[in-house]
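Below is one structure, written out as structure tokens; comments come after it.
The values are calculated or read from the model by the stated rules, or taken from the named source; none is laboratory data. For clarity, every value in this text was computed on a predicted model and none was experimentally measured. All Cβ positions, glycine included, derive from the backbone under ideal geometry; neighbour counts span all protein chains shown. Please note that ligands, DNA and RNA were not included when accessible areas were found on the heavy atoms of the full protein model with its side chains. Shrake-Rupley method; radii C 1.70, N 1.55, O 1.52, S 1.80 Å.
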Amino acid sequence: MTDPSSARQAPPGCPAHTDAVRLTGLEYQQTPSQMYRALRSEHGAVAPVLLDGDIPAWLVLGYSEVTYVTSHDELFARDSRRWNQWENIPADWPLLPYVGYQPSVLFTEGDEHRRRAGVISEALEGVDQFELAHNCQLIADRLIAAFAGSGQAELMTGYAHALPMRAVVQMCGMPTSGEETRQLVEDLRISLDAAEGDDPVAAYGRVGERLRQLVKDKRESPGPDVTSRMLLHPAGLTDEEIVQDLISVIAAAQQPTANWICNTLRLLLTDERFAVNVSGGRLSVGEALNEALWLDTPTQNFIGRWAVRDTQLGGRQIRAGDCLVLGLAAANTDPQIWPDSHVGAENSAHLSFSNGEHRCPYPAPLLADVMARTAVETLLERLPDLVLSVEPETLTWRPSVWMRGLTALPVRFTPVVQ
């Protein structure tokens, strides 16, 4: 059962009624699967919830319900200006970077969405996957060399976050190191997954300014990179449209991929099913990568969709303008699709990259897989006796209901003399 203290009297006329549950607290942050089970038991596949500031919304928990929502844009659309709660949203609301309307591919619909997503897809298709894998291996080797001689490391900061960050900014035509790049990635983290004391709205603004400068530079001097291909695309996107879409591309590629890498390493280092075969074993790495997407998907929840008109979903009456949060992690572990509580690692029908027209554009999931697989395999090949330096149960998750990633992954190994 959920904590009774988390249920609150919601504002009159809101979709949550009196049994809404706040998406906050340690239970959600550290053991969200238990919260999903409790919510599903009490409310079914669609649960009334309260976001920051007790703003009402619906959390879609069921696999078939998430699939339905993401497949029916005519009922559940992405333009957040439909929201019926805007009059209750303060200017400094921490979730504004998620839901505040921007001229971004994330909020476009219909033909305009297909035009914008097409530009991104074609720009990403220009990334040579073999070259990306080679670059990721070089990045991995440099990162590993920095701590290989010490016999110990904290992989979340020193490896899992750093590798996709460098790979993504390189793809977009930015330098892979330097203070500006480091600050860009830090501001992206704050805007998408703010910790206490962070200002996500200000961080999002700084991200936009840095990418406006990048677009200006590439307009004057294009190169073999994603940004330049977007600028040269015959669809003729404006500079501001490209800035907004680059934010989406970089944000979707960097932090989720970093969490995917670290969540997979945690699985490999703590689950005895992989212990025998892991030492550089490519098949086991592939299975672990896929299982991590099912059980610890990097993006737990995604906000969101907005009801175009009054409708029903999962036995709930959804009003026009209501906000729906896509419970990707809950849907991936829905007992309706895993009745025996066993997730098949060979099955890739998860919703970790969402679904429908607004899913991660092709070939983004393939590029993320190249980065994650290369990161994990290279680390295990270079440091074959890698083990956790703490007890598995002491590992903690970042306090977020949106992202699923560890605060730290400390390891030890036999020091390697360079």
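Observations on the model:
- Residues in the stretch 46-67 reached by a label modelled at Q336 [backbone nitrogen below 11 Å; 7 Å Cα→Cβ]: 46, 61-67
- Whether the stretch 189-330 is rounded, prolate or oblate, judged on the alpha carbon gyration tensor where a/c under 1.5 counts as rounded: oblate
- Length-normalised contact order of the stretch 221-329 in % [C-alpha pairs under 8 Å, at least 6 apart]: 18
- Convex hull volume of the stretch 295-337 per residue (C-alpha atoms, cubic angstrom): 65
- Mean residue ellipticity, 222 nm, helices only, the chain: the sum of -39500 (n - 2.57) across DSSP H runs of n ≥ 4, divided by residue count and rounded to 500, is -14500 deg cm²/dmol.
- Nonlocal amide H pairs with R404, under 5 Å, H built at 1.01 Å: T299, Q300
- Distance between the modelled labels on S150 and D92, one decimal in nanometres: 3.6 nm (7 Å Cα→Cβ projection).
- For the chain, complete DSSP H runs whose alpha carbons reach 15 Å or more along their own long axis and whose mean Kyte-Doolittle score is 0.0 or higher are 129-147, 239-270, 282-295, 364-382.
- Rounded to the nearest 20, the size of the Cβ-charge dipole of the chain about its Cα centre is 160 debye, with Lys and Arg at +1 and Asp and Glu at -1.
- Taken per residue, the accessible surface of the stretch 128-220 reaches 47 Å², heavy atoms only and a 1.4 Å probe.
- Peptides ranked, highest mean first, by Cβ atoms within 10 Å: ranges 60-67, 330-337: 60-67, 330-337
- Global form of the stretch 308-418, assessed from the alpha-carbon gyration tensor, a/c cut-off 1.5: prolate
- Cα centroid of the stretch 48-83 to Cα centroid of the stretch 169-208, whole Å: 27
- Accessible surface of the stretch 19-74, 1.4 Å probe, proportion on carbon and sulfur as whole %: 51
- Across the chain, C-alpha contacts under 8 Å between residues 6 or more apart give a mean separation that, scaled by the residue count, equals a relative contact order of 25 percent.
- Rotationally averaged projected area of the chain (alpha carbon convex hull; nm²): 19.8
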